[in-house]
Amino acid sequence: MKVIYTFLVRLWSLLFIFRKKSQVTYLMSFGNNQEFVQQLVAQIAPLNLHVFYQKEVGKHTKQLEKISNVQLELLDNGPQLFLKVIPILMHSKLIIIDNYFPFLGALVKTNHMRISQIWHANGAIKQFGFNDPTTSQRSNSDHIRFQQVYESMDDIVVGSEKMGDTFQVNYRLDGHQIRRLGYPRSDKFLNSEWIKKAQANFFKRYPDLKNKHLILYAPTYRQGTKFDFAPGFENLQLPENSVLILRLHPHLQVMEKAWEDRIPFITSIDASVSTDELLTVVETLITDYSSILFDYILLKNAKKVGLFAFDQFQFKQTVGLRPDFATEFQPIIIKTVDQLSAFLADPKNDQPIIDRINHDWNQFNDGNATNRTINFLLKRSDL
């Protein structure tokens, strides 16, 4: 079935191969690059930006609806892909993506088309691409299709050599596509005006938390499973005057309030307060294998970070972890609830560790990555 689908995409795109290339298109599967999209729209005006978004991120397109030169369309892999998406893509000089879109590997590209990936995460602890453990269980034809998608990308924008090497290995590329421009979404974490506004809005809404030591627990998403805490998590000891805020993956945020009702020391925050905004008000971040780590450490309020990897062995087998995970992040890995309590009780900050991780993973993130990336892509596309 996938072979037939791929053939149809290729055949259909061939029908539009001689179309004049003059459009800019954005394929959106995550809603966390809105600032990039808005700046891109401003720079290409009066040219339209075609944004095809997946249903899950529809709520993140509200601001874009107000912009006259943005054309929003729902992205699906059914008839609409053939009737709307492929014709527009084949009319595009520049196609920007934030994720892996399988049909791109079957698209018949010309020398006047450019596919540029800006991704949706600043770093990677989890494995993906060919290093995802599930990929080895796929067929050879699947592997060929994966490689076709990866090789269709002309640009892969990264914020560090470390992330560039990660894409090169996981995508099995020679590396000529890597663009060391900085990760656009990192700009906000170095923007003092955005930070002050986020903090002011938060404490206006939650004044009782103003003088508390705020701790954010933001575990990564586990595919196909409902979230559950580590065994014995209810015995966690919080320092005096501390508040533990729980922030789950968007697919699971409806569970936060229920956990607040079940475990007395958990606080839930309304989902309208974004995770990015939450990062600006907390002094301690607890995550596990999430790239949120690399965003948080850019902020001046970042004092302590911990990776609560109580299920490290199981996660490594099912999802996959960087081969250097245990050594790269050893100083901040926490395995048990008792260790987590001790970590929270320790008053010293983690600045030396934060500085080292920033050096490795935020190398090119200086607050101007969006401008650099947009200027680079538009110039390369002759727009």
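The values are calculated or read from the model by the stated rules, or taken from the named source; none is laboratory data. Quick caveat, the model's predicted, so the values are computed rather than measured. Note: ideal-geometry Cβ built from the backbone for every residue, glycine included; neighbour counts use all protein chains shown. Accessible surface is based on the protein model in full, side chains and every heavy atom, while ligands, DNA and RNA are left aside. Shrake-Rupley method; radii C 1.70, N 1.55, O 1.52, S 1.80 Å.
Before moving on, here are some points about what is shown:
- Asn33 meets all of the listed conditions (1) open to solvent by 20 Å² or more (accessible area, probe 1.4 Å); (2) under 22 Å from the mean Cα position of the chain (by Cα); (3) closer than 29 Å to Arg145 by Cα but one, namely (1).
- Test: residue in the stretch 89-97 that is without any contact (Cβ under 8 Å) to a residue 60 or more places away in the chain and either closer than 30 Å to Asp187 by Cα or surrounded by 17 or more Cβ atoms within 10 Å (Cβ to Cβ) (or both): no
- Search result, residues across the stretch 133-153 that are open to solvent by 40 Å² or more (accessible area, probe 1.4 Å) and of a type outside the set (Gly, Ala, Ser): Thr134, Gln137, Arg138, Asn140, His143, Ile144, Arg145, Gln148, Glu151
- Residue match in the stretch 83-95 (condition: among the basic types (Lys, Arg) and part of a helix (DSSP H, G or I)): yes
- Residues in the stretch 185-226 that are within 24 Å of the chain's Cα centre (by Cα), of a type in the set (Phe, Trp, Tyr) and either under 16 Å from Phe294 (Cβ atoms) or surrounded by 18 or more Cβ atoms within 10 Å (Cβ to Cβ) (or both): Phe189, Phe202, Tyr217.
- Considering the stretch 245-273, the residues that are in a loop (DSSP other than H, G, I, E, B) and open to solvent by 30 Å² or more (accessible area, probe 1.4 Å) include one that is farthest from Ala230 (Cα to Cα), namely Ser272.
- In a residue-by-residue description of the stretch 321-331, the property of being hydroxyl-bearing (Ser, Thr, Tyr) and either in contact with a Leu (Cβ under 8 Å, 6 or more places away or on another chain) or assigned to a helix (DSSP H, G or I) (or both) applies to at least one position.
- Answer from Thr280, Thr318 - the residue that is within 28 Å of Gln54 (Cβ to Cβ), of a type in the set (S, T, N, Q) and open to solvent by less than 20 Å² (accessible area, probe 1.4 Å): Thr280
- Failed condition for Glu35, given (1) out of contact with any Lys or Arg (no Cβ under 7 Å at 6 or more places or on another chain); (2) farther than 19 Å from Thr110 by Cβ; (3) assigned to a helix (DSSP H, G or I): (1)
- For Lys316: the one exception among (1) over 30 Å from Gln137 (Cα atoms); (2) in a helix (DSSP H, G or I): (1)
- Taken across the stretch 107-117, residues that are surrounded by 15 or more Cβ atoms within 10 Å (Cβ to Cβ) and within 19 Å of Ser291 (Cβ to Cβ) do occur, with at least one present.
- No other residue among Asp155, Asp132 is among the acidic types (Asp, Glu) and in contact with a strand residue (DSSP E or B) (Cβ under 8 Å, 6 or more places away or on another chain) apart from Asp155.
- Criterion violated by Val3 - all others in (1) in a loop (DSSP other than H, G, I, E, B); (2) at pLDDT below 90 satisfied: (1)
- Taken over the stretch 361-380, the criterion of being under 23 Å from the mean Cα position of the chain (by Cα), in a helix (DSSP H, G or I) and surrounded by fewer than 15 Cβ atoms within 10 Å (Cβ to Cβ) is satisfied by Asn375 alone.
- Exactly one residue among Asp276, Asp355, Asp338, Asp295 is more than 20 Å from the chain's Cα centre (by Cα), part of a helix (DSSP H, G or I), under 20 Å from Ser192 (Cβ atoms) and not hydroxyl-bearing (Ser, Thr, Tyr), and that residue is Asp355.
This table checks each residue for (1) among the basic types (Lys, Arg); (2) part of a helix (DSSP H, G or I); (3) touching a Pro at 6+ places or on another chain (Cβ under 7 Å); (4) farther than 29 Å from Phe325 by Cα.
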| residue | (1), (2), (3), (4) |
| --- | --- |
| Tyr100 | no, no, no, no |
| His112 | no, no, no, yes |
| Ala124 | no, no, no, no |
| Asp142 | no, yes, no, no |
